[in-house]
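Notes follow once the structure below has been shown.
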Amino acid sequence: MRKTFLIAGALLCAFQLSAQPKLSADNVDEVLKAMTLEEKAALCVGAGRGYQLGGLTFSSTVLVPGAAGTTLAIPRLGIPATALPDGPAGVRINPTREGDSRTYYATGFPVGTALASSWDTELVENMTKAMGNEVLEYGADVLLAPAMNIHRNPLCGRNFEYFSEDPVLSGKISAAYVRGVQSNGVGTSVKHFAVNNQETNRMENDAQVDTRALREIYLKGFEITVKESQPWTIMSSYNKLNGEYTQQSHDLLTKILRDEWGFEGIVMTDWGSKEGTVKAVAAGNDLMMPGNATETQRIVDAVKSGELSEADLDRNVRNMLNYIVKTPRFKGYKYSDAPDLKAHAKAARAAATESMVLLKNDDNVLPLKGTETVAMFGISSVDFVAGGTGSGNVNKAYVVNMVQGLENAGFTLVEDIKEFNQKYVDFQKVNMSANPAGGTSVLLGSAKLPEAPISRTFINAQVDKSDLAIVVIGRNSGEGGDRKVDGDFNLTETERQLISDVTAAYHLAGKKVVVVLNIGGAIETNSWKEDPDAILLAWQPGQEGGDAVADVLTGKVNPSGKLPMTFPIDYMDHPSSMNFPTGYERSGNSWWGPKEPVKNVDFTDYAESIWVGYRWFTTEGKNVSYPFGYGLSYTTFEYSKPSVKADKDGNLTATVTVTNTGSVAGKEVVEVYVAAPAGGLEKPARELKAFDKTDLLQPGASQTLTFKITPYELASFNIDANQWETASGNYTLYFSKNANDTATSASVNVRKASTFAVTDAFAHIK
């Protein structure tokens, strides 16, 4: 009899095990019902290092070496772990693996600011298809990208990752980026949601922003991305927003993101634990990263005590399960670990060339023939900056520097200055390695080497040996630190002297000077831009940067990039200059006890409200060095008289014809700015509402571009009424080459005013 009971018990256990549901796209609710409380909590917390909880073991598995994190697997229910590597300039994974002689490099693509400078959503989408393929073929599931916070201030250390000072340009480029990556059946994580516009004290800083600025400037780009591309995930930011951590904000993560915009994916935290795990879960943060046992236990205890509703937890778990069933890991994709890096390098090079901005070209000194003998000044010609530092840094196989790029294109480089630059860089890097103190300025990366001083005698010796001079000025920045005004935004004295001395020597000999800017964000240009004959803004263009620069310098590619931010005359001209950390001391604060909050460190007052970037400069009529949207070409374009019509509901349809009136083929970006009637609200002089880029137009060829703008896209946010409003009245549309160009315009009367209701999110913030 005992034997019979034992057999029956074994059969019952076997039946129970076999009866456990295994996750599929069709049984999410069934699996959810079968999960224990501990399993639910664990699924909403990243894998971390693995742990035991409630008699269950949750193990951390390294799915992709070097990936930023993973989610936890629950094998009994058929729930796999998923892998999440960093971006956004390419897949950040380890190139080497223990016991493996192979290398696993990823392509270093142009940084976000460069991509936005293309103003070309089709280009960005095509390039990020290649990026997404590397996510897929390296066995990952979600790329932690794109980053798309607003360039509120030129000094933000991560501006190179972000797209623009304008939310429409940011949102459209971001949406294209997401579509490209996700076309591979992998996900993206759009970040950092929201108002993460400085690195100084980034984990605790309280961004104090009025609701109009929040909705019109800092959330609008995210809104566009969500509505146009439905990213799989959104990453909440570290900072506080009006006194509350964003990862714990129900207004932000549920009322706005899900209820208003219709977001369907998961929300994850940035990589850092907060004490308010339970509040984050309730707010709609589905996944705590990178995760640890403490966070899981907090969730379990909170449900048991009634502090956290299990229904809220179930909602988040359901979101997680719906995410998991979409992943390649769940679908059992047999990844190759061998993406086509050669093809992807070509895509990176093409994107880089389309993103470069020609700032100056006196007497058509560019394009060059490619047969000239060039004296290459500036250590960045060999110490070339492909991309920024931190989590956005890609472990790439190589970087083509400026020297290599020009030599590949057929130029002859003067050996004296080439050798000098290389020896200086080699010496300084050895010195920095031997003396690391002070050599690291930003997370996961070293400080940019200072420019080498060069005597006028040495410069003069290069003049007779060369047909022209190219001066390369480099900048780097990254995660964990903001830029400085002196020696970063402003050129160093050594850099100023180099440009001045090289220009003087070459102009005396009747020869030309070109400056190439290898930078990630705006710098001061007004004090020196009259010296050289041409200035090419190459940005941080990825691993193919040197070849891409050569493509543009020789005219193999006609530059068509436009600035995604304003270049002010002086840093202090910027509307946020008084409310950004430019150096601080906690003087008078003790190591023990309460500390007095420090302005721009512990809290930052976004006192400029909606007057960000060109909105401020154009409305105030303030001169700038280069306006938002500015960029030259090797050819010229003319715009026809535009046509604008409004239907009965206030939808605008506008057309303009662009003609290449020059002698070489090129592309042109048309920027559509709108001057709106006040309607009871103060409005900027003009705001970007649409843009498009022509195809490659041969000399004499034309193309008609059509723009559609809805009443909602025209709307401004009325804080008092807590709604979006589009006023009736006359609207002027400018079809422009930059934000200061008002030469081509058309007016239209919108007879019907419109309002658009929202939730009460942040309604208490005026």
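Could you check segment 561-575 and list, in sequence order, the residues that are more than 20 Å from the chain's Cα centre (by Cα) and surrounded by 19 or more Cβ atoms within 10 Å (Cβ to Cβ)?
Pro568, Tyr571, His574, Pro575
Could you count how many residues in segment 109-131 are under 22 Å from Ala338 (Cα atoms) and either surrounded by fewer than 24 Cβ atoms within 10 Å (Cβ to Cβ) or of a type in the set (A, V, I, L, M, F, W, C) (or both)?
Here the count works out to 7.
Residues to consider are Asp251, Asp286; find the one that is under 17 Å from Asp314 (Cβ atoms), at pLDDT 95 or above, among the charged types (D, E, K, R) and in contact with a Phe, Trp or Tyr (Cβ under 9 Å, 6 or more places away or on another chain).
Every option except Asp286 fails the conditions.
Tell me which residues, restricted to segment 302-330, are in contact (Cβ under 8 Å) with a residue 60 or more places away in the chain and exposed (fewer than 13 other Cβ atoms within 10 Å of the Cβ).
Once the filter is applied, which keeps residues that are in contact (Cβ under 8 Å) with a residue 60 or more places away in the chain and exposed (fewer than 13 other Cβ atoms within 10 Å of the Cβ), segment 302-330 yields only Lys304.
Which count do you get for residues in segment 237-264 that are in contact with a helix residue (DSSP H, G or I) (Cβ under 9 Å, 6 or more places away or on another chain) and assigned to a helix (DSSP H, G or I)?
Going through segment 237-264 one residue at a time, the tally reaches 11.
Regarding Phe735, is this residue more than 25 Å from the chain's Cα centre (by Cα), under 29 Å from Leu123 (Cα atoms) and either free of Cβ contacts under 8 Å to residues at least 60 places away in the same chain or not in a loop (DSSP other than H, G, I, E, B) (or both)?
yes
Looking at Gly291, is it free of Cβ contacts under 8 Å to residues at least 60 places away in the same chain, small (Gly, Ala, Ser) and not in a helix (DSSP H, G or I)?
For Gly291, the condition - free of Cβ contacts under 8 Å to residues at least 60 places away in the same chain, small (Gly, Ala, Ser) and not in a helix (DSSP H, G or I) - is not met.
For Tyr104, only one of the following conditions fails: (1) buried (at least 24 other Cβ atoms within 10 Å of the Cβ); (2) of a type in the set (Ser, Thr, Tyr); (3) in a loop (DSSP other than H, G, I, E, B). What is its number?
Result: Tyr104 fails condition (1) only.
Of all residues in segment 133-147, count the ones that are small (Gly, Ala, Ser) and surrounded by fewer than 24 Cβ atoms within 10 Å (Cβ to Cβ).
Number of matching residues: 1.
What are the residues in segment 478-503 that are without any contact (Cβ under 8 Å) to a residue 12 or more places away in the chain and more than 23 Å from Cys156 (Cβ to Cβ), if any?
Glu493
In segment 334-379, what residues are among the aromatic types (Phe, Trp, Tyr) and touching a strand residue (DSSP E or B) at 6+ places or on another chain (Cβ under 7 Å)?
Selection gives Phe377 alone.
Given (1) farther than 23 Å from Asn408 by Cβ; (2) buried (at least 21 other Cβ atoms within 10 Å of the Cβ); (3) not basic (Lys, Arg), where does Val515 come up short, assuming only one miss?
Evaluating Val515 over (1) farther than 23 Å from Asn408 by Cβ; (2) buried (at least 21 other Cβ atoms within 10 Å of the Cβ); (3) not basic (Lys, Arg) leaves (1) as the failure.
Residue check, Val552 against (1) assigned by TED's automatic domain parsing to the domain that holds Met356; (2) assigned to a loop (DSSP other than H, G, I, E, B), all met but one. Which one?
So Val552 meets the others, but not (2).
Return yes or no: is Leu696 surrounded by fewer than 22 Cβ atoms within 10 Å (Cβ to Cβ), touching a Pro at 6+ places or on another chain (Cβ under 8 Å) and modelled with pLDDT of 95 or more?
Spelling it out, it is not the case that Leu696 is surrounded by fewer than 22 Cβ atoms within 10 Å (Cβ to Cβ), touching a Pro at 6+ places or on another chain (Cβ under 8 Å) and modelled with pLDDT of 95 or more.
Only one residue in Gly9, Gly48 is part of a helix (DSSP H, G or I), modelled with pLDDT under 90 and not aliphatic (A, V, I, L, M). Which one?
Result: Gly9 is the single residue among Gly9, Gly48 that is part of a helix (DSSP H, G or I), modelled with pLDDT under 90 and not aliphatic (A, V, I, L, M).
For the structure I just gave you, tell me whether Asp337 is surrounded by fewer than 22 Cβ atoms within 10 Å (Cβ to Cβ) and not assigned by TED's automatic domain parsing to the domain that holds Asn401.
So Asp337 passes the test.
I'm checking my understanding of the structure. Among residues of segment 173-227 that are in a helix (DSSP H, G or I) and aromatic (Phe, Trp, Tyr), which one is nearest to Lys484 (Cα to Cα)?
Among residues in segment 173-227 that are in a helix (DSSP H, G or I) and aromatic (Phe, Trp, Tyr), the one nearest to Lys484 (Cα to Cα) is Tyr218.
How many residues are outside any loop (DSSP other than H, G, I, E, B) and not small (Gly, Ala, Ser) if we restrict to segment 498-544?
Looking only at that region, the number is 18.
Output the strands (runs of 3 or more DSSP E) that fall wholly within segment 591-692 and possess 1 or more residues being hydroxyl-bearing (Ser, Thr, Tyr), closer than 30 Å to Tyr245 by Cβ and touching a residue at least 24 places away in the same chain (Cβ under 8 Å), or say none.
Per the criteria, 603-605.
Exactly one condition in (1) surrounded by fewer than 19 Cβ atoms within 10 Å (Cβ to Cβ); (2) more than 25 Å from Ile217 (Cα to Cα); (3) of a type in the set (Asp, Glu) is false for Glu668; which is it?
(1)
Run down Lys342, Lys326, Lys429 and say which single residue is over 22 Å from the mean Cα position of the chain (by Cα) and modelled with pLDDT under 95.
After applying the criteria, what remains is Lys429.
Identify all residues within segment 371-411 that are touching a Phe, Trp or Tyr at 6+ places or on another chain (Cβ under 8 Å), closer than 16 Å to Thr353 by Cα and not in a helix (DSSP H, G or I); write none if there are none.
Matches in segment 371-411: Gly387, Val399, Val400, Asn401.
Of Val181, Val195, Val168, Val190, which residue is of a type in the set (Val, Ile, Thr) and surrounded by fewer than 24 Cβ atoms within 10 Å (Cβ to Cβ)?
On inspection, the qualifying residue turns out to be Val168.
It is to be established whether one or more residues within segment 713-728 are touching a Pro at 6+ places or on another chain (Cβ under 6 Å) and not hydroxyl-bearing (Ser, Thr, Tyr).
Yes, because at least one residue in segment 713-728 is touching a Pro at 6+ places or on another chain (Cβ under 6 Å) and not hydroxyl-bearing (Ser, Thr, Tyr).
The values are calculated or read from the model by the stated rules, or taken from the named source; none is laboratory data. Just so it is clear, the structure is predicted and the values come from calculations on it, not from any experiment. No Cβ is skipped: glycine too gets one built from the backbone with ideal geometry, and neighbour counts run over all protein chains shown.
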